[in-house]
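**Q** Mind having a look at this structure? Questions to follow.
The values are calculated or read from the model by the stated rules, or taken from the named source; none is laboratory data. For clarity, every value in this text was computed on a predicted model and none was experimentally measured. Methodologically, a virtual Cβ is constructed for each residue, glycine included, from the backbone with ideal geometry; neighbour enumeration extends over all protein chains shown.
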């Protein structure tokens with residue numbers, strides 16, 4: 001069984017999910033946060049060396065696993081997730097350094113062996129580096145592929161980066177900086193940026209820490225505009241920025257208000 005397609009098209013991750021939602025069957029098998037030590041990607045200092053990684057593999061089946069359910073036994077309608085996990089862990093034992101995208105391709109090549117002849121409509125591989133962020137929870141790269149259509153998505157992301165800044169409409173909020181929690185996903189990220197989470201985070205910190213907006217809406221729009229100008233280059237207009245900003249201290253009896261926006265990358269002259 002092969003996951004190769006004659007023609008591929010890069011789309012947003014929500015477009016992949018929309019295609020899958022049209023299927024009559026939505027049975028999903030997931031191995032979540034498989035702990036590996038990989039010689040791949042870049043660490044928080046931008047170095048190419050071993051680092052911990054959490055790998056999540058999700059398989060979307062193109063038919064139900066009813067026969068396995070009815071027999072209460074593993075058959076070709078489902079996936080032996082123990083074998084799949086072992087194959088992925090074996091792939092992670094690479095000795096030569098790999099870009100994260102190459103690591104994902106290697107993991108994807110191991111999926112058919114773990115899934116046997118199970119009819120897989122789409123697979124998703126998420127490689128998360130918990131030490132890949134200086135001020136956040138981590139950074140990662142997410143790849144999904146619908147083999148029958150040739151659609152694939154590629155997302156570079158940062159989770160929960162905490163940055164102090166001056167933001168708010170109340171008088172007390174104008175006197176002291178408060179932390180905002182920022183998560184960003186670069187949808188349809190160009191391949192040249194797939195290991196640039198460190199530079200992305202550094203830009204976020206530089207942009208946000210010097211701002212003085214009253215609303216999260218204005219702050220979000222400003223951050224996206226500056227990321228387009230400073231992180232991307234001409235020819236990157238096919239990418240999208242999904243940005244979420246939360247103020248955890250703003251509302252006493254809530255986790256915090258947040259705004260989330262999705263904008264296409266547009267390079268201003």
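**Q** Of the residues that sit in the range 219-232 and are touching a strand residue (DSSP E or B) at 6+ places or on another chain (Cβ under 9 Å) and surrounded by fewer than 16 Cβ atoms within 10 Å (Cβ to Cβ), which one is farthest from residue 155 (Cα to Cα)?
**A** Across the range 219-232, the extreme among qualifying residues is 222.
**Q** If residue 247 meets every condition in (1) touching a strand residue (DSSP E or B) at 6+ places or on another chain (Cβ under 7 Å); (2) under 30 Å from residue 191 (Cβ atoms) apart from one, which number is that one?
**A** Among (1) touching a strand residue (DSSP E or B) at 6+ places or on another chain (Cβ under 7 Å); (2) under 30 Å from residue 191 (Cβ atoms), residue 247 violates only (2).
**Q** So, one more: Scanning the range 155-192 for residues that are part of a loop (DSSP other than H, G, I, E, B) and under 30 Å from residue 105 (Cβ atoms), which turns out farthest from the chain's Cα centre (by Cα)?
**A** Among residues in the range 155-192 that are part of a loop (DSSP other than H, G, I, E, B) and under 30 Å from residue 105 (Cβ atoms), the one farthest from the chain's Cα centre (by Cα) is 190.
**Q** Here's a follow-up. Filter the range 69-115 for residues that are in contact with a strand residue (DSSP E or B) (Cβ under 6 Å, 6 or more places away or on another chain), outside any helix (DSSP H, G or I) and either surrounded by fewer than 18 Cβ atoms within 10 Å (Cβ to Cβ) or modelled with pLDDT of 90 or more (or both) and give the result.
**A** Result: 98, single match.
**Q** Out of (1) within 16 Å of the chain's Cα centre (by Cα); (2) surrounded by 17 or more Cβ atoms within 10 Å (Cβ to Cβ); (3) under 20 Å from residue 122 (Cβ atoms), the odd one out for residue 60 is which?
**A** (1) is the only condition that residue 60 fails.
**Q** Is there a residue in the range 198-213 that is under 29 Å from residue 18 (Cα atoms) and in contact (Cβ under 8 Å) with a residue 24 or more places away in the chain?
**A** Scanning the range 198-213, I find at least one residue that is under 29 Å from residue 18 (Cα atoms) and in contact (Cβ under 8 Å) with a residue 24 or more places away in the chain, so the answer is yes.
**Q** Quick one: would you say residue 235 is modelled with pLDDT under 95, closer than 27 Å to residue 12 by Cβ and in contact with a strand residue (DSSP E or B) (Cβ under 8 Å, 6 or more places away or on another chain)?
**A** no
**Q** Do we have any residue at all in the range 116-123 that's more than 16 Å from the chain's Cα centre (by Cα) and either part of a helix (DSSP H, G or I) or modelled with pLDDT of 95 or more (or both)?
**A** No; the residues of the range 116-123 include none that is more than 16 Å from the chain's Cα centre (by Cα) and either part of a helix (DSSP H, G or I) or modelled with pLDDT of 95 or more (or both).
**Q** Scanning for something more than 21 Å from residue 160 (Cα to Cα) and outside any loop (DSSP other than H, G, I, E, B), does the range 242-260 turn up at least one residue?
**A** no
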